Amino acid sequence: MSMKTGYVAGITRGHNAGVCLLYEGEIVFHVEEERLTRRKYDGGPLASITKILDYTDKVDYVVIAHTQPLHQIDGGVCYSGEDIYTSLFRKLGLIDDLEMIKKHDGYRGHPQVVDLSTIHHKLHAAAAFYRSGFDTAASVIIDGAGTFTPMSAREFGRPDPNGNMPTVITYETESIFDCAYPAKFKTLLKHSGVIENILNSSFDMKMPMHPMVESEEDIFTLMVTDRAGIVKTYEAVTEYCGFTAIEAGKTMGLFPYGKPNEEIARPIFKEHKVLGPYKEKVLLADREMFSAAYPATGVFQNNFYPGFTWFEENEEWTNDTRYAHDKEPNMYDAQCAKDMAYKIQKETEQAAVWWIRKAYEMTGNKNIVISGGYGLNCVANYHYLEELKDLDLNIYVEPISSDAGTCIGAALMFWRYQTEDRKKFPESRLYLGPKYDVDEEKIKELIEHDPAIEMSSASKADVVDIITSKNIVAVFQGRSESGPRALGNRSILYDPTDPDAKDFVNTVKKREFFRPFAGSILLEDAHDWFDMRGLKESPDMMYAMQAQPGKAEIIPGIIHEDGSCRIQTVKEADNYHYYHLIKEFKKKTGCPIIFNTSFNLGGEPLVETIQDAIRTIRDSEIEYLYLPELDILLYAKNPKLAELHSNTFLTKEELNSKGKFKP
Ligand SMILES: [Fe+2]
C-alpha cells in the first residue's frame, strides 16, 4: 500500500477520546476531545477529527484505537452501513468516497480505515516504545480493561443450571510485550480477567488478534482468571473513597494521609497456581476482598472488614464504628478511606513490581517501558527506581499512559508496519496540541467588550514580582500539553515558599484540601533539591520525588504529606520562556523551583484555547494571565480574592468550620 499524502490519522474512541495526526511518521498534533468540548474524559472524538482540516484535506489512512471492534460500535451504524467516524471522515472529504466493503452483520468497512481495537494493550505499548528512544524494550502494560475478547469457557467455566458452559468476555488487565523496530510487539504474557466465577487457568495462545501485527506462530501465555487486575483493585478503593473510578489520581493524592492498619492486614495480592500449561505461580488479587466489575470498575467488599463498612444512614457513631463513615462524597475525610488508599497504593506498587521483574526475566532486556492507566501513578513510578535498583534497569514511563495515548500508538504502529521505517523518533516533548494564532491584535479583539480585563506589557521579572506578592499567575503559550500534566504552556504558577500556598490554591481551584501540587525546577538544580534516584531528568513530571535534606522546608507549598513532590525538570531547549521565567524566580528568591499546577478549575479539563484562558481568569479568583511570547499580561480584578487571602491565615480547623475547604 502506498502513501500519497503522507498523512495518517489515529483516533481513540472511548474515554479520553482524541486524535493524533502523523505526517511521514512524525506527530503533527495530538489532542484530547475534552480540551475542545470542555467536558472531562469526553468520548467520541468528533470535534478532534474536524481539527485535522486545519492541516490537510486528505489522509491516507484512519487507524482506530479502542477496546471493542468498530463494527460493534456504540450507537450502531448509519443507514450507509458505516460507523459514525468513518462517515465523518468521508463527509469531511478526508478519505475517498469509495464503495464500502461488506464486513460484519450489515457493517461496511472502508478500505482506508484500519481498526486496531483488538490489540488495545499493544497500542499502549507502541506509543510508549516509539517515544522512549530505546532500540528495543520489554513493555509492561497495566491497564483497567483493554480489549474485550469473547472466549468459550469450555475448559475453565462452571456449567450453568442447564449444564452448558458459557462464553465469557475476557478483559486485558496486564501484559508483557517484546518490542523492536519497525513494528514488532510480540506478546509474551498476558492476564485477562472475567467477571464470572471460573477456574483460574492458563493457555498457550495461538489466536492472532489482528492479522496485521500477529500470526499463528506468535504463541504466548494467556492467564484467564476471575480476579480483579491491578487497576480494578485501585478503582474499587477509589470508589470506596467517594471518587469516581476514573479519578484514581485522587486516591494517590490521599494515600499519604493513611497508615498501615492492622484491621486490613490481610494481603490483597498473593501468588497462586493456575491450571493449564503455565507452571509458575501468578500474582493475583484476593477475590473475597475485590471483585472486578469489568469493564467499568471494581468492587471493594468492605464488609469483609467489620470496621470498614459504610456507616448506614441514621446509625449512631460508636467506638466500634470509629472507622466507619457514611457513603458520602466526602468519604475521603474518614480515616478508613485514607488507610485503604494507603494500602492499595502500597500493594499495587508491589504487584506492578512483580510484572516488571517478570518482563525482565522473560526478555533479559534492561530497557523497560511502562504504560496503561497505572503508568500515571507517579508515586509507584518513583518507587520502582528504588525497589528495582538491583536489576539496573532503564525505565521509561509513557506520560500519555491513559487511552488518550492509544491513538498515537495505533498511528505510529500502523505507519511503521506500512513503511518498515526503522528510524528512531526524534526526542519530543509533550507540547503536541493544535497550533493557534495568538497575537496582540487577537487579544485586544477578545477583551474589547470586557472592561473588567486590563491589558499591559510585562517582563518575566514583573511576573515574578507579582507571584512573590502572593498572586496566582496563569500562563498561556504555544501548544497545549498532551497527557494530564501542565508543563508550563497551560499552567497556573504560584510561590512554593508560601506556607499557605496549598490551601490557597486548592480553594481558588475548587479542589479537595488534600490534593498536592507539582513543581517545575531548572534541570541544573534538580539533583541538589531532589533525590532523582538515578534519573538524569524528569521532563514529563512522571515521578513524585523526595526532596533532599533541608529543602522541603523551603518549599512547603508543593511538598506533599509524605515529603514528596511531583517534579518537572525544565531546560532551555524544551521550553525557552518557562525556563527563563523560573530562572528569574530563582534570581529574586534563590529558589530554582516554581509552584506549577494545571490551568483549569476543579472538574474541568486543561485550558486549550486563548478564549478558554481569558474566560477562566474572568470567572475565577485567578486574576493574572501571562503570555510570555508576547510579553502581555492580562488582569481581571476579583473582589472576592481579598477575603480568600485573609482566610488563608486562619487555621485549617477554622476554615473547615467555615466550609471553605469543602470542594
Ligand atoms: Fe487502556
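Looking at region 440-657 alone, DSSP beta bridges between its own residues are antiparallel in about 80 percent of cases.
Taking a straight line from the alpha carbon of residue 343, these lysines sit under 21 Å away, with near neighbours fewer than eight places off in the same chain left out: 232, 250, 259, 270, 327. Within the set 186/536; 442/571; 122/186, which residue pairs have Cα atoms separated by over 19 Å? Going by Cα-Cα distance, 186/536; 442/571 fall outside the 19 Å limit. Using only alpha carbon pairs under 8 Å that are at least six residues apart, calculate the relative contact order of region 440-657 and give it in whole percent. After rounding, I find 30 percent. What you get for the chain, charging only the Cβ of Lys and Arg (+1) and of Asp and Glu (-1), is a dipole of about 720 debye around the Cα centre. Our estimate of slack between residue 366 and residue 98, defined as 0.36 nm per intervening residue step minus the Cα-Cα distance, is 91.8 nm.
Excluding same-chain neighbours fewer than eight residues apart, the aspartates and glutamates reachable from residue 588 by a Cα-Cα span under 15 Å are 462, 465, 495, 498. Across all directions, the shadow cast by the convex hull of region 332-432 built on its C-alpha atoms averages 8.8 square nanometres.
Using a cut-off of 16 Å between alpha-carbon atoms, which aspartates and glutamates can reach residue 435, once sequence neighbours fewer than 8 places away in the same chain are excluded? Partners within reach: 26, 32, 33, 54, 481, 608, 612, 629.
Under the simplified labelling scheme, the residue 392-residue 5 pair shows an inter-label distance of 4.9 nm, with each label point 7 Å from Cα along Cα→Cβ. Size of region 540-581 from its Cα atoms: along the principal axes, largest to smallest, the extents are 31, 21, 16 Å. Cα-based radius of gyration for region 55-126, normalised by 2.2 N^0.38 Å, reads 1.10. The relative contact order of the chain comes to 13 percent, based on Cα pairs under 8 Å that sit 6 or more residues apart. Only alpha carbons enter this Debye calculation for region 7-56, each as an equal point scatterer, and the log10 of I(q)/I(0) it gives at q = 0.15 Å⁻¹ is -0.34.
Put simply, the convex hull of the Cα atoms in region 440-657 casts, on average, a shadow of 11.8 nm². Calculated mean residue ellipticity at 222 nm for the chain: -8000 deg cm²/dmol, from DSSP H runs with n ≥ 4 weighted as -39500 (n - 2.57), summed, divided by the residue count and rounded to 500. Each of residue 162 and residue 265 was given a label point 7 Å from its Cα along the Cα-to-Cβ line. The distance between the two points is 5.0 nm. Counting Cα-Cα pairs of region 417-552 in 5 Å increments starting at 0 gives whole-percent bin shares of 2, 7, 12, 15, 18, 18, 11, 6, 5, 3, 2, 0. The GluC sites (Glu not before Pro) found in region 1-100 that occupy coil by DSSP, while having at most 12 further C-beta atoms within 10 Å, are 99.
Over all projection directions, the Cα-based convex hull of the chain averages an area of 31.4 nm².
With the simple model of a label 7 Å out from the Cα in the direction of the Cβ, residue 80 to residue 441 spans 3.8 nm. Indicate, rounded to the nearest 5 percent, the antiparallel portion of the DSSP beta bridges found entirely in the chain. Taking every DSSP beta bridge with both residues in the chain, the antiparallel ones total about 70 percent. The GluC sites (Glu not before Pro) of region 329-429 that meet both conditions, a loop assignment by DSSP and at most 12 other Cβ atoms within 10 Å of the site Cβ, are 420, 427. The slack between residue 281 and residue 580, meaning 0.36 nm per residue of separation minus the straight C-alpha distance, is 102.4 nm. Each other residue within a Cβ distance under 13 Å of residue 135 adds +1 if Lys or Arg and -1 if Asp or Glu, for a net charge of +4.
Rule-based calculations on the coordinates, nothing more; no lab input. Keep in mind the model is a prediction, meaning the values are calculated, not measured. Here Cβ is always computed from backbone atoms with ideal geometry, including for glycine, and neighbour counts include all displayed protein chains.
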